[in-house]
Amino acid sequence: MEGVIGLLLVGGISAQVVVPGPPKRMVVRPTGGGGAGGVSIVTPDPASDPNVRHTTHLVLSDSRQWTSTDGKTLQAKLLAFEDIVVETPKGAQPAAPVPPANITVIRGGKIRLVTEQKPFELTLERLSQADRDFVERISAAHPQKPVPPAP
């Protein structure tokens, strides 16, 4: 008989779940200008700068597969550390850039690569020996900037 009473009591218990509705009032916060902080978005006035900057990277090799010392590969082009930057009025085409007489292929033990139009630096230590030899051949083929003497 106790078992029947227990079942009746458990069967009679019910629960009600309350799902909250949308907030009654939305709080609007200003963006910037207030003493409490915030974010200010400043867009440049197009009339204030009538010039456009054109950046040209000096590409030293075709796109090739680079291999790291741990076996990972990357498809990229070798770049010089120098870029040619030309400012022209908006709408005007820049003149053909003149490459510098001397370029830097290796700087501070690093090279510069570009992949997906994004240049980045990579240390020579991370490259396979075959890739290091390739960089050395490219470096030897191009005139280098003179290194200033140490003070």
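The values are calculated or read from the model by the stated rules, or taken from the named source; none is laboratory data. It should be emphasised that the depicted structure is a prediction, and the values quoted were computed from it without experimental measurement. Every residue, glycine as well, gets a Cβ built from its backbone with ideal geometry; the counts of neighbours run over all protein chains shown.
All of (1) surrounded by 10 or more Cβ atoms within 10 Å (Cβ to Cβ); (2) part of a loop (DSSP other than H, G, I, E, B) hold for Gly91 with one exception: (1).
In the range 91-122, which residues are in contact with a helix residue (DSSP H, G or I) (Cβ under 6 Å, 6 or more places away or on another chain) and within 13 Å of Leu60 (Cβ to Cβ)? Spell out the reasoning first.
As a first pass, look at the range 91-122 and keep what is in contact with a helix residue (DSSP H, G or I) (Cβ under 6 Å, 6 or more places away or on another chain): 105-106, 109, 111.
Listed by number, the residues that qualify are Val105, Ile106, Ile111.
For the range 111-137, residues that are in contact with a strand residue (DSSP E or B) (Cβ under 7 Å, 6 or more places away or on another chain) and surrounded by 15 or more Cβ atoms within 10 Å (Cβ to Cβ) total 11. Count of the range 71-88 residues, restricted to those that are basic (Lys, Arg) and exposed (fewer than 11 other Cβ atoms within 10 Å of the Cβ), is 1. Take the residues in the range 110-150 that are under 27 Å from the mean Cα position of the chain (by Cα) and part of a loop (DSSP other than H, G, I, E, B); name whichever of them is modelled with the highest pLDDT. That would be Ser128.
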